[in-house]
Amino acid sequence: MNKTIRRASVFALLLVLALLVRATWVQFYDGKALADDNDNRRNVIETYSRPLGNIIVAGDAITGSARTKGSDLAYKRTYKNGRLYAAVTGYASQAYAPTQLEGIYKDLLNGTDNQLKSVLDTVTGERSEPGNVLTTIDPAVQKAAYDALGGNKGAAVAVDPKTGRILAVVSTPSYDPGQLTDANTAGAAWKKLNADKDKPLTNRALRQPLPPGSTFKLVVAAAALEDGLYKNVDEHTASPDPYVMPGTTRPLENENKSAPCENASIRVALRYSCNNVFGKMAVDLGQDKVKAMAEKFGFNDDELDVPVRAYASVYPSDMDKAQTALSGIGQFDVTATPLQMAMVSAAIANGGKLVSPHMVSQITDSGGDVVKDYDDSADTKEIVSSSTAEQLQSAMETVVKDGTGTNALIDGVTVGGKTGTAQHGENNSKTPYAWFTSYGKSDSSGKEVAVAVMVEQSDAARSEVSGNGLAAPVAKAMMQAALK
């Protein structure tokens, strides 16, 4: 063989090898990437080629699947009481990425989750039968919250303090996730929902932190008792009224000008929601100690999964003393979700221990066998000592019996709570946010529940906006439903 033919043969061989390498690469690497691409129509066709698994509330499916007509997508997702449960389920859409529990468990619900695979499925590569998601939601508590919020823009969360099971997650105004399931009609619904100034797609219960106002005073009180700044909730504090914030000429004024807030004890200060007491207390403790306590309750945690990822509630750093004073009454840059403030009340109600909140109890395969049990894996952390928790419970019960939270009173139930009215806008120019966080303990059954309610906007006149007036009645309805 002459040199020219030999070189040509080697070059041809190299081309063949390169072609084989490229074909192998496309088959085993690019092929998988293309198969997993969200824009691959075949994936959507496969996902909706048969009914999805379901999300379950108290034994009943609140989702379903319906046969489609004139589409290459054989089925679409359906919802029972979609607006009531939208903040729990989210949506599974033929056109848009799934959200909330639909998004977290999309692989389980469509049968592609490896946890569902049998030995035979692994060998054959067949898609498994879809699994189901069993929630912790109590339908009576969920409906009570939704109905009580009514036409108000707001949110509510209920938690069982002993188990961490989330009993209700409500955000209003809500939306019907069924509007987004069909690819032929989802686009128009999507545009309308996103153009709505009330932002119905926002989950206000888990994913919209706002200033918590005076409900945050519970955290400051916990820090003061744990630190030993004050021995108990009945010891007089060193709290002048008016209290001029350090480095300023501005007094931290109280809403109730006639309230006995000068040198008031923690009990009296919570009862009348004395700003001077908790602003001064935060300064006396220092921002680092208040921040440490806030973080024990869950603030500044950007990895709080329930299992939906909740937005972090924030207690800021690098404040001056005047800003620290404002933080002590839940203002300045302090923000919280209703979930976070429900966690504060839950920990106090549970003797100082916080059980990790979760709204899924189990995930199962198609036959009902448990794939994972979240109730068994819930963590418990000690936030404050049992004695501090008892002190705070006593003071919170005074708030409801004789203070600013009387609208939450329930016959046969021991209720402790804290109101909050958070300033909104520059120089408090906009309508304040109304808050209420509380716990209820049945005197007969021993059942317990902790709740938090935030009313962002209502039809009430500005002068009538208060935690007791707007939020406490919602909390009361939820506690009554939970403790039946």
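The values are calculated or read from the model by the stated rules, or taken from the named source; none is laboratory data. In this text the structure is predicted, and so the values were computed from the model without any measurement. Cβ: placed from backbone, ideal geometry, glycine included. Neighbour counts: every protein chain shown. Note: areas computed on protein heavy atoms with side chains; ligands, DNA, RNA excluded. Shrake-Rupley method; radii C 1.70, N 1.55, O 1.52, S 1.80 Å.
Based on the Kirkwood radius over alpha-carbon pairs, what is the Stokes-Einstein translational diffusion coefficient of the stretch 318-357 at 20 °C with 1.002 mPa s viscosity, in µm²/s? Don't skip to the answer; put the middle values down first.
Values: Rh = 11.6 Å.
For these conditions, the coefficient is 185 µm²/s.
Listed highest first by mean packing, meaning other Cβ atoms within 10 Å per residue, what order do 450-456, 350-356 come in?
Values: 450-456: 30.6, 350-356: 20.1.
In descending order of packing, they fall as 450-456, 350-356.
Order K289, K401 by their accessible area, 1.4 angstrom probe, all chains in place, largest first. Please list the in-between numbers first.
Details: K289 100, K401 125 Å².
Heavy-atom accessible area, descending, gives K401, K289.
In vacuum, with every alpha carbon of the stretch 150-247 counted as one equal point scatterer, what does the Debye formula give for log10 I(q)/I(0) at q = 0.14, 0.19, 0.21 Å⁻¹? Two decimals, please.
Log10 I(q)/I(0), no solvent term: -0.79, -1.05, -1.14.
Would you mind calculating the relative contact order of the stretch 273-421 from Cα pairs under 8 angstrom and at least 6 residues apart, reporting the percent as a whole number? Provide the component values of the computation, followed by the final result.
Numbers: 200 pairs, mean separation 27.4, N = 149.
Taking the mean separation of contacting Cα pairs over the length of the stretch 273-421, I get 18 percent.
With 32 Å as the limit, write out which pairs from K192/K291; K197/K280; K153/K372; K191/K418; K153/K257; K296/K372 have Cα-Cα distances beyond it, or answer none.
Numbers: K192/K291 41 Å; K197/K280 38 Å; K153/K372 35 Å; K191/K418 39 Å; K153/K257 30 Å; K296/K372 27 Å.
Beyond 32 Å: K192/K291; K197/K280; K153/K372; K191/K418.
Using Cα pairs under 8 angstrom and six or more residues apart, how large is the relative contact order of the chain, in percent?
Working: 1086 pairs, mean separation 75.8, N = 484.
That works out to 16 percent.
Could you pull out every whole DSSP H run in the chain that spans at least 18 Å of Cα extent along its own axis and averages 1.0 or higher on the Kyte-Doolittle scale?
Values: long enough: 3-25 (33 Å, 1.28); 386-402 (24 Å, -0.44).
Going by DSSP H runs, the hits are 3-25.
How do R67, R42, R250 rank by accessible surface area computed with a 1.4 Å probe, from largest to smallest?
Values: R67 160, R42 190, R250 125 Å².
Most to least solvent-accessible, the answer reads R42, R67, R250.
Using modelled amide H (1.01 Å from N, peptide plane; none on Pro or chain starts), what sits under 5 Å from the amide H of S265, excluding residues fewer than 5 places away?
It is T237, by chain and number.
Restricting attention to the alpha-carbon atoms of the stretch 315-450, what are Rg (one decimal) and Dmax (integer), both in Å?
Gyration radius and largest Cα-Cα distance of the stretch 315-450: 18.4, 60 Å.
Nearest-5 percent of antiparallel DSSP beta bridges in the chain?
Working: 55 of 58 bridges.
Roughly 95 percent of the beta bridges in the chain run antiparallel, per DSSP.
Please sort 403-414, 147-158, 466-477 by packing, taking for each peptide the average over its residues of neighbouring beta carbons within 10 angstrom, highest first.
Details: 403-414: 18.9, 147-158: 23.0, 466-477: 26.2.
Highest-to-lowest ranking by the protection proxy: 466-477, 147-158, 403-414.
Under a 5 Å amide H to amide H cut-off, with H placed in plane at 1.01 Å, what residues pair with Y243 once short-range neighbours are removed?
Those lying under 5 Å, H to H, from Y243 are L252.
So what are the radius of gyration and Dmax for the Cα set of the chain, in Å?
Radius of gyration, then largest Cα-Cα span, for the chain: 27.3, 111 Å.
So what is the relative contact order for the stretch 197-285, in percent, with contacts set as C-alpha pairs under 8 Å and at least six apart? Could the numbers behind the result be given before it?
On the way: 101 pairs, mean separation 25.5, N = 89.
Averaging sequence separation for qualifying contacts and normalising by length gives 29 percent for the stretch 197-285.
Would you mind putting 193-200, 432-439, 4-11, 382-389 in packing order, based on average other-beta-carbon counts within 10 Å, highest first? All intermediate terms of the calculation are to be shown ahead of the outcome.
Details: 193-200: 12.6, 432-439: 29.9, 4-11: 9.9, 382-389: 17.8.
Output ranking for 193-200, 432-439, 4-11, 382-389: 432-439, 382-389, 193-200, 4-11.
Given the rule -39500 (n - 2.57) for each run of at least 4 DSSP H residues, summed and divided by the residues of the chain, what is its mean residue ellipticity at 222 nm, to the nearest 500 deg cm²/dmol?
Values: 18 runs with 172 residues, N = 484.
After summing the helix terms and dividing by the residues of the chain, the value is -10500 deg cm²/dmol.
Heads up, I need the accessible area for I329: 1.4 angstrom probe, whole protein in place, Å², nearest 10.
For I329, the solvent-accessible surface is approximately 20 Å².
At a probe radius of 1.4 Å, what is the per-residue accessible area of D60, in Å² to the nearest 10?
90 Å²
Taking 0.36 nm per residue of separation and subtracting the Cα-Cα distance, what length does fully extending D301 through L19 add?
Working: separation 282, 0.36 × 282 = 101.52 nm, distance 5.10 nm.
Going from the current span to full extension adds 96.4 nm.
Determine the shape class of the stretch 278-336: with a ≥ b ≥ c the square roots of the Cα gyration tensor eigenvalues, call it rounded for a/c under 1.5, and otherwise prolate if a/b is greater than b/c, oblate otherwise.
Details: a/c = 2.81, a/b = 2.29, b/c = 1.23.
Verdict is prolate for the stretch 278-336.
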